[in-house]
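The values are calculated or read from the model by the stated rules, or taken from the named source; none is laboratory data. Please read all numbers here as calculations on a predicted model, not as lab measurements. Here the Cβ positions follow ideal geometry from the backbone for every residue, glycine too, while neighbour counts run over all protein chains shown.
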Amino acid sequence: MQTKITNLLDDHNVPYTLLPHSEPVFTIKTAAAQRGVVAEEMVKSLLLREKTGQQRYVMACVLGHDQLDPKAVRATLGEASWRRLAFASGQEITAVTGFVQGAVAPLCLPDNVPVIFDAAIARCRLVNISSGDPMAGLELQPQALIRLANARLAPIAAGEHR
């Protein structure tokens with residue numbers, strides 16, 4: 001299976017393991033079960049948008065068992081001009097990322113979409129992301145993912161920034 005995500009990884013000589021699913025998956029729990037991995041190494045890629053103002057977007061990623069704190073994401077952006085953040089709709093996700101909701105990866109995004117990873121992702125031995133296709137996931141080293149996503153690391157999981 002080839003996707004724009006696997007093509008990017010191949011182009012950068014990043015080793016990964018393709019983990020096919022027996023059916024399309026759209027949730028962390030189902031994807032982890034299909035891949036035979038624990039939710040703690042799954043990366044949830046969540047697209048947020050400004051509620052008002054410029055309607056900019058940001059990709060925020062946490063481990064599968066964690067919840068995202070949008071206020072921590074906004075604080076990490078460090079710009080007073082960023083307004084309150086809300087989760088993007090399914091239509092917005094597809095329009096901005098090119099992926100369907102539930103098969104989003106933090107790679108191959110438009111240049112104007114910053115990417116922020118929860119700091120816990122960097123401490124994993126391996127992580128799992130969507131291939132961009134609901135029929136497969138990818139397992140790779142977190143350092144390669146962080147580098148290719150040009151991600152900032154910050155404590156953005158709920159309860160971590162206090």
Which numbered condition trips up T94, out of (1) within 30 Å of D10 (Cβ to Cβ); (2) crowded, with 18+ Cβ neighbours inside 10 Å?
(2)
Please list, ordered by first then second residue, the pairs with beta carbon atoms under 8 Å, 6 or more apart or interchain, first in segment 33-51 and under 20 Å from W82 (Cα atoms), second charged (D, E, K, R).
L47/E92; R49/R56; R49/E92; E50/R56; E50/R83; E50/R84; K51/R83; K51/R84
Mind checking which strands (runs of 3 or more DSSP E) fall wholly inside segment 17-79 and carry at least 1 residues that are under 23 Å from A154 (Cβ atoms)?
43-50, 57-63
All conditions in (1) modelled with pLDDT of 95 or more; (2) crowded, with 19+ Cβ neighbours inside 10 Å; (3) of a type in the set (K, R) are true of R74 except (1)
Does any residue in segment 69-85 that is farther than 20 Å from S45 by Cβ come within less than 6 Å, Cβ to Cβ, of a residue that is of a type in the set (G, A, S) and modelled with pLDDT under 90 six or more places away or on a different chain, and which pairs are these?
R83/G53
Among F99, F117, which is the only one that is within 14 Å of the chain's Cα centre (by Cα), under 23 Å from V25 (Cβ atoms) and at pLDDT 95 or above?
F117
Do we find that V127 is touching a Leu at 6+ places or on another chain (Cβ under 8 Å), β-branched (V, I, T), surrounded by 16 or more Cβ atoms within 10 Å (Cβ to Cβ) and in contact (Cβ under 8 Å) with a residue 60 or more places away in the chain in this structure?
yes
